[in-house]
Amino acid sequence: MPASIVISINAGQWHVSFATEDDVIHPRPAEIQAELSQWDEASLHAATIGVDRGVAVPAYASTGSVYAFDPVQKQRMARKERQRLRWQRRMARRAKGSSGWHKAKKRVARTHTYANNVRKDFAHKASHALVTAPGVRLVVMEDLKVASMSRRPKAKTDERGRHAPNGARAKAGLNKGILHSAWGRIRTYAQYKAPRNNVLFLVVPPHHSSQECAVCGHIHPDNRPSQSRFVCQRCGQIDHADHNASRVIARRGV
């Protein structure tokens with residue numbers, strides 16, 4: 001019997017939450033790391049998955065697996081976003097505190113809840129697939145500071161004290177893409193699920209992972225001629241840019 005049960009309502013939906021004891025003893029990350037440190041490099045590479053997180057593709061694994069929202073989810077979330085904007089405009093036109101204002105507010109909350117549920121479901125499924133992949137013992141991601149990356153840019157002024165362009169509109173689009181891709185949730189869920197499956201979860205520095213060749217280690221901006229294409233200027237290796245980055249991340253983890 002749980003010590004407490006919480007019943008809540010959010011955007012018109014009822015929820016029940018409670019906690020129970022888990023009798024299964026899972027290995028600690030330090031214990032898994034101690035075991036893997038005894039492996040030779042080739043065996044560890046074979047049991048490692050690197051994950052590159054991006055806006056266009058939320059998660060690209062070094063195994064070649066791609067984790068992204070399906071077309072139906074994208075279509076429905078886009079429709080919900082249009083509905084949210086429409087109801088926000090209606091809410092702004094109505095007297096604050098009126099029945100019409102409260103109705104519009106509830107509709108806005110429902111659209112937020114739908115998108116949030118889709119992202120949460122996606123992050124759970126992607127993280128589960130990563131830590132339960134056949135033969136995997138190590139999952140590696142970049143140590144991305146999502147909160148800092150999605151922060152609003154500071155206002156800029158010119159020499160006369162007037163507001164100057166600060167790239168806020170472009171940054172807002174990037175921020176939206178980062179949050180939409182569920183980077184933080186994928187990491188959080190994979191991190192707690194990994195030990196339960198006897199898998200070690202690590203994060204590595206993200207610097208130049210998109211410009212580094214996974215084969216020879218050469219780093220150069222010209223290695224990335226486009227968003228999705230990687231061509232090493234030294235060894236000539238050609239790969240999808242996100243797949244190459246995930247292989248670099250895996251190598252850094254090993």
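The values are calculated or read from the model by the stated rules, or taken from the named source; none is laboratory data. As the structure is a computational prediction, the values presented were derived from the model and not from experiment. Note: ideal-geometry Cβ built from the backbone for every residue, glycine included; neighbour counts use all protein chains shown.
If I ask for residues that are part of a strand (DSSP E or B) and not aliphatic (A, V, I, L, M), which ones from segment 49-88 would you list?
Gly50, Asp52, Tyr60, Tyr67
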Between a residue in segment 65-94 that is buried (at least 16 other Cβ atoms within 10 Å of the Cβ) and any residue that is of a type in the set (Val, Ile, Thr) and assigned to a loop (DSSP other than H, G, I, E, B), which pairs come within a Cβ distance under 6 Å, given they are 6 or more apart or on different chains? Ala68/Val57
Within segment 137-146, considering residues that are within 15 Å of Ala182 (Cα to Cα) and either in contact with a helix residue (DSSP H, G or I) (Cβ under 8 Å, 6 or more places away or on another chain) or assigned to a strand (DSSP E or B) (or both), the one modelled with the lowest pLDDT: Val146
Ser43 is checked against (1) at pLDDT below 90; (2) of a type outside the set (Val, Ile, Thr); (3) loosely packed, with under 15 Cβ neighbours inside 10 Å and fails just one. What number does that condition carry? (1)
Pick from segment 1-48 the residues that are part of a strand (DSSP E or B) and in contact (Cβ under 8 Å) with a residue 24 or more places away in the chain: which of them is nearest to the chain's Cα centre (by Cα)? Thr48
Taking His112, is it over 30 Å from Ala42 (Cβ atoms), within 19 Å of the chain's Cα centre (by Cα) and either among the aromatic types (Phe, Trp, Tyr) or at pLDDT below 95 (or both)? yes
Being under 21 Å from Tyr114 (Cβ atoms) and at pLDDT below 90 narrows it down to one of Ala11, Ala3, Ala68, Ala56, so name that one. Ala11
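Matching residues to (1) farther than 21 Å from Asp242 by Cβ; (2) modelled with pLDDT of 90 or more; (3) more than 22 Å from the chain's Cα centre (by Cα):
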site: Pro165; (1), (2), (3): yes, no, yes
site: Asn175; (1), (2), (3): no, no, no
site: Arg185; (1), (2), (3): no, yes, no
site: Ala190; (1), (2), (3): no, yes, no
site: Lys193; (1), (2), (3): yes, yes, no
site: Val199; (1), (2), (3): yes, yes, no
site: Ser210; (1), (2), (3): no, yes, no
Which residue is nearest to Ala241 (Cα to Cα), if the candidates are limited to segment 2-60 and must be in contact with a strand residue (DSSP E or B) (Cβ under 8 Å, 6 or more places away or on another chain) and charged (D, E, K, R)? Asp52
